[in-house]
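Reviewing the structure listed below.
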Amino acid sequence: MGTARAAPLPTLQVIQLPIMRLTYDPKHGIAYLRLRPKGGEVETLRISDELNIDIAPDGSVYGIELLNANEQLHAADGGKLVIAGQDGAPDITVPLVAAE
C-alpha cells in the first residue's frame, strides 16, 4: 500500500481594511466619519448646507462631514449612536452628549 498524502493546507490571507473613525464635536455641532487613512489632499464636495463629502485623490470617498450634527444625530436615534453588530455580535449603543 502507498502512503496517503495529506491535502495541502489553505493559505492564510490577511486583508488589512482601512480604519473607519467617527469624531463628534457637540460644542460646534460637527461630526466627521473618516472612511480610510489620508493618502493625500482631498477635494471637498459641498452637498448641502448640512453635508460635505471629501473625495480622495483616487476618486474614492475619504470622509463625510455633518455640519449640523447636533440636530441630525439627536433626531435619528434620540441622541444615541448605534453600531450594528455583525455575525451575531450584539449592537453597541453610545450616547451622544448634547451641546450645553
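The values are calculated or read from the model by the stated rules, or taken from the named source; none is laboratory data. None of the values given here were measured: they were computed from a predicted structure. Note: ideal-geometry Cβ built from the backbone for every residue, glycine included; neighbour counts use all protein chains shown.
Observations, loosely collected:
- Within region 33-58, if we keep just the residues that are within 17 Å of the chain's Cα centre (by Cα), at pLDDT below 90 and in a loop (DSSP other than H, G, I, E, B), the residue that is farthest from V82 (Cα to Cα) turns out to be G39.
- Residue within region 15-25 that is touching a Pro at 6+ places or on another chain (Cβ under 8 Å), surrounded by 10 or more Cβ atoms within 10 Å (Cβ to Cβ) and at pLDDT 85 or above present: no
- Subset of region 52-68 (residues that are within 14 Å of R21 (Cα to Cα) and of a type in the set (G, A, S)): G63
- Residues of region 71-100 that are modelled with pLDDT of 75 or more and in contact with a Lys or Arg (Cβ under 9 Å, 6 or more places away or on another chain): T93 alone.
Yes/no matrix, rows are residues, columns are (1) surrounded by 12 or more Cβ atoms within 10 Å (Cβ to Cβ); (2) hydroxyl-bearing (S, T, Y); (3) without any contact (Cβ under 8 Å) to a residue 24 or more places away in the chain:
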{"site": "V42", "(1), (2), (3)": "yes, no, yes"}
{"site": "N52", "(1), (2), (3)": "yes, no, yes"}
{"site": "I55", "(1), (2), (3)": "yes, no, yes"}
{"site": "Y62", "(1), (2), (3)": "yes, yes, no"}
{"site": "L66", "(1), (2), (3)": "yes, no, no"}
{"site": "A69", "(1), (2), (3)": "yes, no, no"}
